[in-house]
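Enquirer: Sharing a structure below in structure tokens format, with a few things to ask.
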Amino acid sequence: MNQSTLALGVEAVGCAAFDAGIKGAFGYPGTPSTEGFEHVEAMIHAAGPDRVAQWASNEKVAFDLALGMSYTGHRALVTMKHVGLNVAMDAYANAALTGVQGGLVVLVADDPGMHSSQNEQDSRKLAEFAWLPCLEPSTVQEAYDFTLRAFALSEALQVPVMVRLVTRLAHCRAPFQRQATLPPIGVGQVPGNRVQDWVLIPSNARRRYVDLLAKQPRMREAAAELNRLVPGTARRGVAAAGLGRAYFTQLILEYPELAALPRLDVAAYPLDPATEEAFLAQVDEVLVFEEDYPLLEERLGLRGRARVRGRLDGAVPRTGELSPRVLKDALGLGALEHRTAPALDLPVRAPRFCEGCGHVDAYEAVQEALRAIGSPEARVFGDIGCYTLAAQEPLSAIHGVVEMGASISLAVGAALAGQKPAVAVIGDSTFAHSGLPALLTAVESGADVTVVILDNRVVGMTGQQPSQALDQVERLVLGLGVPASQVQVLTPLPSKHAENVAATEAALRARGTSVLVFRRECIQSLRRGVLKEHDRELRERQACPTCVPEVQP
Amino acid sequence: MSATRIHGIVLAGVGGQGILSMAQILLEALRRSGLHALQSEIHGMSQRGGSVQAQVCFADTPLTSPLIEEGGADLLIALEPLEALRYVSMLRISGHLVTAEDPVADMEGYPPLEDVHRALRAVRGAHLLDTESLARKLAHKQAGGMAILGLASRFLPVPEETWREVIAQRFEAKGARIVEKNLEAFSAGRQLLPEGVEA
Ligand code: SF4
């Protein structure tokens, strides 16, 4: 079977995982990785009950789900964005020691240029940190092929294998050729004589760390099969990875003279020193094109064999994503002639809340309540989701946003230093992601903090996936120890503004932890009917006399 | 080895206008015409009513770069005039511009519409389309985008039949009437240029 399919790069990874015979896919949404999971989820649902696709409450949970599945001998895919790997890092780094049974592939989508992220960290560095292989495709076809290869490699070396994409490839749509789909048959669970490998008490872990290091030469060999040395006649060479490789390959089509440059095409890590030496022996100067960190550049530079140029010496801008223009500038190729329009001041069209979004009503209530208690200037800690848009004009309602789930602990920390009032604003799915332990500590600390949970019932920003905390936010809050008298559920609507302000004011004046749940479904998910089926079932359950009624605070 | 000519298309608009869907139609139509094509798009926050841009490039050999550079676009298609202006510098000297006249002006600091239109008309070979009156004429609220595509299609090496096939398939699930309406809008746009003008 050799069908040609049209898909995004990140979808090609999902498709390959399906064809590699995975039993399950797990993930947490995050741009630009989300569609990878959604694609394989759709394939899994269409294929019947033999496989599962499950969003997790966060990336660490997703990773552990995949690892548990691997333990049983089945192949699994786990997907996340780059900063999600920070959350899953504990699991990822330690799974390097346990190793895997069924093949385990980690799709990580980096976001150079920070199109929709808070940093541009480089996941290749984290793979290196964990002593694990990383494959870096440059085209949609490679995204598919490398993922298939990653599963085979994962089982051959018994380690998790990362497939690293960047935004431009994740969201590049192109045709690719598929292979036959393997059935989700496992290799059998971890055998009895290897159980100790999976028990990372120090005595086992020491042994497993030695084992992991002993696998490094085989990882380098596997990577070397994908990395290519292309000879040339010039004394200036190019080392390119990922999209750098894609851009340079295409520039050769447009500027055939570039074919004279010796090339090191990097598609997989860890790098093999012999390949690096062989390349450097051919050149006096090297230009390095890679996304995010100067990883390759540093390695080549350390060999001291040639003048290595790239992000560190300014030949390539130190930050931001690569583009054909960036490569051409570094290569000394002139700009193209282009049209110009008469000068006119073009205001930025910034993203903003959808018309009628409940978040806006909630923020307006919070801001008015802060004015009412005489603290219009109070600093409010925000979190990550659509509601982060409130950091901008005209609302300017939040004054600190760091990482998923941070808002609650930031507010508690500030309260413990004497800030009054201390307010955190967090979405329902971010609360499920990593706000839960923070709220538990908030209650324990005794600090006076008000936690505003904006419950739109979905993960709004990434395309309205159902929230893991769906219909459970107040039960979770009560369960974590917030007294029922300090928990209020409100409806963020203009018509309820006055009562919402009053309730918020009361919460701001309360001692200890107070929680306001502003619940109104995301307009987009309503429009698309994402929760229609769920709500119908819920109504039926509630109408059923033998079912346990919903707990109301 | 001689240099390969790579053709670029930039699509610009506002979140929710259907830029990404239009880009997919273009990609499919080019592919069915035997060309190698790639499309690039940015998701995420850009969907919340912000500027949205997609790019499509094509050639007669396989391509690997999802991005084109300034001066690399043969065609700029815009569903909003201010968004069109943002990307004029992407156009080659010989490039064409096809844009809707009707603004999405729900933002601070939108320049006077006459200034925007004047600036666009100053771009040689620009085609501005009054999508609102066209939509009224065709009694089809969403006709604008398809008409813009129809007009733009005159500058692309895709047979009319292929366009119609791709559009029909795209809207198939929504029923025969919607397919008809979209094909009608496409044709209306395509016929706005006299024969031979694209040369
Ligand atoms: S997608 Fe939903 S949550 Fe996000 S701004 Fe729109 S309505 Fe609000």
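Enquirer: Could we say that residue B:71 is assigned to a loop (DSSP other than H, G, I, E, B), in contact with a helix residue (DSSP H, G or I) (Cβ under 8 Å, 6 or more places away or on another chain) and open to solvent by less than 20 Å² (accessible area, probe 1.4 Å) here?
Expert: Judged against the criteria, residue B:71 is a match.
Enquirer: Would it be correct to say that residue A:398 is more than 14 Å from chain B (Cβ to nearest Cβ), within 16 Å of the ligand (Cβ to nearest atom) and outside any loop (DSSP other than H, G, I, E, B)?
Expert: Values: more than 14 Å from chain B (Cβ to nearest Cβ): yes; within 16 Å of the ligand (Cβ to nearest atom): yes; outside any loop (DSSP other than H, G, I, E, B): no.
No, not satisfied.
Enquirer: Counting just the residues of segment B:27-48 that are touching a residue at least 40 places away in the same chain (Cβ under 8 Å) and either within 16 Å of the ligand (Cβ to nearest atom) or open to solvent by 10 Å² or more (accessible area, probe 1.4 Å) (or both), which one comes out nearest to residue B:159 (Cα to Cα)?
Expert: B:33
Residues checked against (1) part of a helix (DSSP H, G or I); (2) under 30 Å from residue B:103 (Cβ atoms); (3) within 14 Å of the ligand (Cβ to nearest atom):
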| site | (1), (2), (3) |
| --- | --- |
| A:313 | no, no, no |
| A:337 | no, yes, no |
| A:349 | no, yes, no |
| A:354 | no, yes, yes |
| A:361 | yes, yes, yes |
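Enquirer: Another question about this same structure. Can you name the residue in segment A:385-394 that is away from the ligand (no atom under 12 Å from the Cβ) and assigned to a loop (DSSP other than H, G, I, E, B) and, of all such residues, is most open to solvent (accessible area, probe 1.4 Å)?
Expert: Going through the qualifying residues, I end up with A:393.
Enquirer: In the same structural domain as residue A:522 (by TED's automatic domain parsing), out of contact with any strand residue (DSSP E or B) (no Cβ under 6 Å at 6 or more places or on another chain), of a type outside the set (S, T, N, Q) and more than 16 Å from the ligand (Cβ to nearest atom), is that true of residue A:376?
Expert: Criteria met by residue A:376.
Enquirer: Where residues in segment A:519-534 are crowded, with 17+ Cβ neighbours inside 10 Å and not in a helix (DSSP H, G or I), which of them is nearest to the ligand (Cβ to nearest atom)?
Expert: Step one: list which residues in segment A:519-534 are crowded, with 17+ Cβ neighbours inside 10 Å, which gives A:519-526, A:530-531.
Checking the rest, the ones that are also not in a helix (DSSP H, G or I) come to A:519-522, A:530-531.
Numbers: A:519: 12, A:520: 9, A:521: 8, A:522: 3, A:530: 10, A:531: 12 Å.
The selected residue is A:522.
Enquirer: Now for a different question. List every residue pair whose Cβ atoms lie under 8 Å apart, where the two residues are 6 or more positions apart in sequence or sit on different chains, the first residue falls within segment A:461-474 and is assigned by TED's automatic domain parsing to the domain that holds residue A:537 and more than 9 Å from residue A:429 (Cβ to Cβ), and the second residue, located anywhere, is of a type in the set (Phe, Trp, Tyr) and away from the ligand (no atom under 13 Å from the Cβ).
Expert: A:473/A:431
Enquirer: Same structure, new question: So, residue A:41, is that one in contact (Cβ under 8 Å) with a residue 40 or more places away in the chain and either among the β-branched types (Val, Ile, Thr) or part of a helix (DSSP H, G or I) (or both) or not? I'd like the intermediate steps shown before the answer.
Expert: On the way: in contact (Cβ under 8 Å) with a residue 40 or more places away in the chain: no; either among the β-branched types (Val, Ile, Thr) or part of a helix (DSSP H, G or I) (or both): yes.
Spelling it out, it is not the case that residue A:41 is in contact (Cβ under 8 Å) with a residue 40 or more places away in the chain and either among the β-branched types (Val, Ile, Thr) or part of a helix (DSSP H, G or I) (or both).
Enquirer: Applying the selection to segment B:79-120, what residues are part of a loop (DSSP other than H, G, I, E, B), open to solvent by less than 50 Å² (accessible area, probe 1.4 Å) and facing chain A (nearest Cβ under 7 Å)?
Expert: B:107, B:110, B:111 - these are the residues of segment B:79-120 that are part of a loop (DSSP other than H, G, I, E, B), open to solvent by less than 50 Å² (accessible area, probe 1.4 Å) and facing chain A (nearest Cβ under 7 Å).
Enquirer: I would also like to ask the following. Would you confirm whether or not segment A:361-372 contains a residue that is open to solvent by 40 Å² or more (accessible area, probe 1.4 Å), assigned by TED's automatic domain parsing to the domain that holds residue A:489, in contact with an Asp or Glu (Cβ under 7 Å, 6 or more places away or on another chain) and over 28 Å from residue B:82 (Cβ atoms)?
Expert: Step one: list which residues in segment A:361-372 are open to solvent by 40 Å² or more (accessible area, probe 1.4 Å), which gives A:364, A:367-368, A:371-372.
From the residues that got through so far, the ones that are assigned by TED's automatic domain parsing to the domain that holds residue A:489 too are A:364, A:367-368, A:371-372.
Filter once more, keeping what is in contact with an Asp or Glu (Cβ under 7 Å, 6 or more places away or on another chain): A:372.
Next cut, over 28 Å from residue B:82 (Cβ atoms) only: A:372.
Within segment A:361-372 (the criterion being open to solvent by 40 Å² or more (accessible area, probe 1.4 Å), assigned by TED's automatic domain parsing to the domain that holds residue A:489, in contact with an Asp or Glu (Cβ under 7 Å, 6 or more places away or on another chain) and over 28 Å from residue B:82 (Cβ atoms)), the answer is yes, since at least one residue qualifies.
Enquirer: Let me ask something additional. Test of understanding: among B:129, B:156, which residue is among the aliphatic types (A, V, I, L, M), open to solvent by less than 30 Å² (accessible area, probe 1.4 Å) and closer than 30 Å to residue A:355 by Cβ?
Expert: Criteria check complete, one pass: B:129.
Enquirer: Could you give every pair whose Cβ atoms fall below 8 Å, whose first residue belongs to segment A:337-352 and is farther than 19 Å from residue B:114 by Cβ, and whose second residue is surrounded by 13 or more Cβ atoms within 10 Å (Cβ to Cβ) and among the hydroxyl-bearing types (Ser, Thr, Tyr), counting only separations of at least 6 or pairs across chains?
Expert: A:338/B:89; A:339/B:89; A:340/B:89; A:348/B:51; A:349/B:51; A:351/B:46
Enquirer: Among B:138, B:113, B:151, B:120, which is under 12 Å from the mean Cα position of the chain (by Cα) and either on the phi < 0 side of the Ramachandran plot or touching a residue at least 40 places away in the same chain (Cβ under 8 Å) (or both)?
Expert: B:151
Enquirer: Going by what's in this entry, would residue B:140 be described as part of a helix (DSSP H, G or I), out of contact with any Gly (no Cβ under 7 Å at 6 or more places or on another chain) and surrounded by 15 or more Cβ atoms within 10 Å (Cβ to Cβ)?
Expert: Considered against the rule, which asks whether it is part of a helix (DSSP H, G or I), out of contact with any Gly (no Cβ under 7 Å at 6 or more places or on another chain) and surrounded by 15 or more Cβ atoms within 10 Å (Cβ to Cβ), residue B:140 comes out as no.
The values are calculated or read from the model by the stated rules, or taken from the named source; none is laboratory data. None of the values given here were measured: they were computed from a predicted structure. Quick reminder, even Gly has a Cβ in these numbers, built from the backbone with ideal geometry, and neighbours come from all protein chains shown. Surface areas here come from the heavy atoms of the whole protein model, side chains and all, with no ligands, DNA or RNA. Shrake-Rupley method; radii C 1.70, N 1.55, O 1.52, S 1.80 Å.
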